[in-house]
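Visitor: This is the structure I have questions about; it appears just below.
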Amino acid sequence: MSFDNLGLEPRLLEAVAAMGYTRPTPIQRDAIPFVLEGRDVVGCAQTGTGKTAAFVLPLMQRVPTKPGGPRALVVTPTRELALQIEGVALEVAKHTKHRVAVVYGGVGYEPQNKALKRGVDVLVATPGRLLDLMERRVADLSNVEILVLDEADRMLDMGFWPQVRKIIAAVPAERQNLLFSATMSTDVMRIVSSTLTEPVRVEVAPSAKPIETIEQRVYPVGTQQKAQLLVHLIKEQGLDRTIVFTRTKHRADRVAKVLRQNGIESAAIHGDRSQSQRQSALDSLKRGRVRVLVATDVVARGIDIDDVSHVVNYDLPNTPEDYVHRIGRTARAGKSGIAVSLLAPEEHEALRDIEVKIGSVLDCHDAAGFDYSQQRIVPNPERTAKRAVRTVFSSSRGRGRRRR
Ligand code: AMP
């Protein structure tokens, strides 16, 4: 399968070649022809599957470059995602001559005002800032021909839906809709049925399954020894270009500090950090100035760094879905990667939820040469990935399951 028979015009194929893509990913192969036909498309795919190019390439073939834009609007939940999508669109625009702009919150208005006034064909936006700019009458959406809702499930989770609805109300009713979501919850399906017209659904593997090329390892450890074990694993196993996930912002800062105290260059990235701090932390990992980035789930989906070799779950996430998203930061676009989870005694229930979700039991490992001075609990090796029937007495959990 090559890009040649998807219906893309020569200028788009040039862009594809310049980006170094030789073969379309499954979501690109399935979605691009439908988008080019003008159909509404629902794409069930997580980040890392090549979904950005799956909508950017065909939409840039379809929308014209002319005054009165934007003609295409991409709404996405986080600044990081917005910047990534803009990056792909700018690459393509070198060959199609579209004017691309991105707007997101947390930064000054002036550069964004100017960009919009200069004229835009393809606009990438986070919901809050876009709504602001609409209210200030800087952004005019009356000529939008294609609306992309990226990571719809995340936008719902993050409470952005009221803003997104206002944005949908401001674009012409006659338009093409593309909606991408890692999960298809009933809430997402409701939005699909109320917003889209006879959509075709394209799906990459079952969305809940982690990418097969990721080796997943669990290291049982006492709660108090997690930091020591992390330092040990990073040093002994030569972990490089690693993203470590923690449950809270506070823990992210603390873990980054412990790593630095142990001579491991690291930076923290979470929702409390300013846009420029987050960007500079990401750049540091990309350029190899730091070995480890410590992050919380809020930013997990937005991280796009090539060749992340390891993802470490310092804390298991609150939901199995977040586990899938976290480990998806490695093994991107067909590469292999390793996901390591540090399992404290109070996290066994969360591990079970993950195993049930992904349909397999994860391998437990000992860290060779590590002094396990604190008691740890190793999960029963006989366990299966089926949900056990819970009795009334075993239903208490060490930590809340409900997200946010
Ligand atoms: P995405 O799922 O859009 O975040 O893309 C994940 C990563 O895959 C990005 O780093 C892309 O540059 C890369 N990618 C997307 N499409 C292809 C392709 N057809 N071949 C190789 N890499 C790709």
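The values are calculated or read from the model by the stated rules, or taken from the named source; none is laboratory data. None of these values were measured; they are calculated from a predicted model. Because the Cβ atoms are built from the backbone with ideal geometry, glycine has one as well, and the counts that use them run over all protein chains shown. Just so you know, the surface numbers come from the protein's heavy atoms only, side chains and all, with ligands and any DNA or RNA stripped out. Shrake-Rupley method; radii C 1.70, N 1.55, O 1.52, S 1.80 Å.
Visitor: Considering region 231-253 alone, what residues qualify as being touching a residue at least 12 places away in the same chain (Cβ under 8 Å) and assigned to a helix (DSSP H, G or I)?
Guide: VAL231, HIS232, LEU233, ILE234, LYS235, GLU236, LYS249, ARG251, ALA252, ASP253 - these are the residues of region 231-253 that are touching a residue at least 12 places away in the same chain (Cβ under 8 Å) and assigned to a helix (DSSP H, G or I).
Visitor: Regarding THR65, is this residue among the hydroxyl-bearing types (Ser, Thr, Tyr), open to solvent by 10 Å² or more (accessible area, probe 1.4 Å) and more than 20 Å from the chain's Cα centre (by Cα)? Even if it seems obvious, please write down each step before you answer.
Guide: Details: among the hydroxyl-bearing types (Ser, Thr, Tyr): yes; open to solvent by 10 Å² or more (accessible area, probe 1.4 Å): yes; more than 20 Å from the chain's Cα centre (by Cα): yes.
Yes.
Visitor: Of the numbered conditions (1) more than 11 Å from the ligand (Cβ to nearest atom); (2) part of a loop (DSSP other than H, G, I, E, B), ALA15 fails exactly one; give the number of that condition.
Guide: With respect to (1) more than 11 Å from the ligand (Cβ to nearest atom); (2) part of a loop (DSSP other than H, G, I, E, B), ALA15 is out only on (2).
Visitor: Next up: Which one is nearest to ALA93 (Cα to Cα), of the residues in region 54-69 that are part of a helix (DSSP H, G or I) and more than 14 Å from the ligand (Cβ to nearest atom)?
Guide: So in region 54-69, the residues part of a helix (DSSP H, G or I) come out as 54-62.
When the remaining residues are screened for being more than 14 Å from the ligand (Cβ to nearest atom), the result is 60-62.
Working: MET60: 8, GLN61: 10, ARG62: 13 Å.
Ranking the qualifying residues of region 54-69, first place goes to MET60.
Visitor: Starting from residues that are part of a helix (DSSP H, G or I), more than 7 Å from the ligand (Cβ to nearest atom) and within 24 Å of the chain's Cα centre (by Cα), keep the ones in region 34-53 and report whichever is farthest from ALA82 (Cα to Cα).
Guide: So in region 34-53, the residues part of a helix (DSSP H, G or I) come out as 34-37, 51-53.
Narrowing further to those that are more than 7 Å from the ligand (Cβ to nearest atom): 34-37.
Checking which are within 24 Å of the chain's Cα centre (by Cα) leaves us with 34-35.
Numbers: PHE34: 23, VAL35: 20 Å.
Once the filter is applied, the top-ranked residue is PHE34.
Visitor: Additional query: Can you find even one residue in region 81-90 that is of a type in the set (A, V, I, L, M, F, W, C), open to solvent by less than 30 Å² (accessible area, probe 1.4 Å) and farther than 20 Å from ASN177 by Cβ?
Guide: Here is the first cut: in region 81-90, the ones of a type in the set (A, V, I, L, M, F, W, C) are 81-83, 85, 88-90.
When the remaining residues are screened for being open to solvent by less than 30 Å² (accessible area, probe 1.4 Å), the result is 81-82, 85, 88-89.
So of that shortlist, the ones also farther than 20 Å from ASN177 by Cβ come out as none.
No, region 81-90 contains no residue that is of a type in the set (A, V, I, L, M, F, W, C), open to solvent by less than 30 Å² (accessible area, probe 1.4 Å) and farther than 20 Å from ASN177 by Cβ.
Visitor: May I ask you to say which residue of LYS166, LYS114 is open to solvent by 60 Å² or more (accessible area, probe 1.4 Å) and under 18 Å from LEU83 (Cα atoms)? If you could, list the steps in order and put the result at the bottom.
Guide: Values: LYS166 fails: under 18 Å from LEU83 (Cα atoms).
After ruling out the rest, the residue left standing is LYS114.
Visitor: Would you please list the contacts, defined by Cβ atoms under 8 Å and residues six or more apart or on different chains, that run from a residue in region 285-314 that is within 16 Å of the ligand (Cβ to nearest atom) to a residue that is at pLDDT below 75 and of a type in the set (Gly, Ala, Ser)?
Guide: VAL299/GLY271
Visitor: Counting only residues that are in contact with a helix residue (DSSP H, G or I) (Cβ under 6 Å, 6 or more places away or on another chain) and in contact (Cβ under 8 Å) with a residue 60 or more places away in the chain, how many does region 28-51 have?
Guide: Narrowing region 28-51 to residues in contact with a helix residue (DSSP H, G or I) (Cβ under 6 Å, 6 or more places away or on another chain): 28, 31-33, 35-36, 41-43, 45, 48-51.
If we keep only those that are in contact (Cβ under 8 Å) with a residue 60 or more places away in the chain as well, we get 31, 35, 41-43, 45, 48-51.
The total comes to 10.
Visitor: Is it the case that region 155-174 has a residue that's in contact with a strand residue (DSSP E or B) (Cβ under 6 Å, 6 or more places away or on another chain) and closer than 18 Å to ALA54 by Cβ?
Guide: Looking for residues that are in contact with a strand residue (DSSP E or B) (Cβ under 6 Å, 6 or more places away or on another chain) and closer than 18 Å to ALA54 by Cβ, one finds none in region 155-174, hence no.
Visitor: Moving on. Sort out which residues of region 266-309 are at pLDDT below 70 and surrounded by fewer than 22 Cβ atoms within 10 Å (Cβ to Cβ), and write them in order of number. Talk me through it step by step, then tell me what you get.
Guide: The first filter runs over region 266-309 and keeps only residues at pLDDT below 70, leaving 275, 298-307.
Matches in region 266-309: GLN275, VAL298, ASP304, ILE305, ASP306, ASP307.
Visitor: Let me ask you something else. Collect the residues in region 19-33 that are open to solvent by 10 Å² or more (accessible area, probe 1.4 Å) and within 12 Å of the ligand (Cβ to nearest atom), keeping them in residue-number order. Give the derivation first.
Guide: If we filter region 19-33 for residues that are open to solvent by 10 Å² or more (accessible area, probe 1.4 Å), which is where we start, we get 19-26, 29-30, 33.
Matches in region 19-33: MET19, GLY20, TYR21, THR22, ARG23, PRO24, THR25, PRO26, ARG29.
Visitor: Pick from VAL103, VAL138, VAL122: which is more than 24 Å from GLY271 (Cβ to Cβ) and open to solvent by less than 20 Å² (accessible area, probe 1.4 Å)?
Guide: Working: VAL103 fails: more than 24 Å from GLY271 (Cβ to Cβ); VAL138 fails: open to solvent by less than 20 Å² (accessible area, probe 1.4 Å).
Answer to the check: VAL122.
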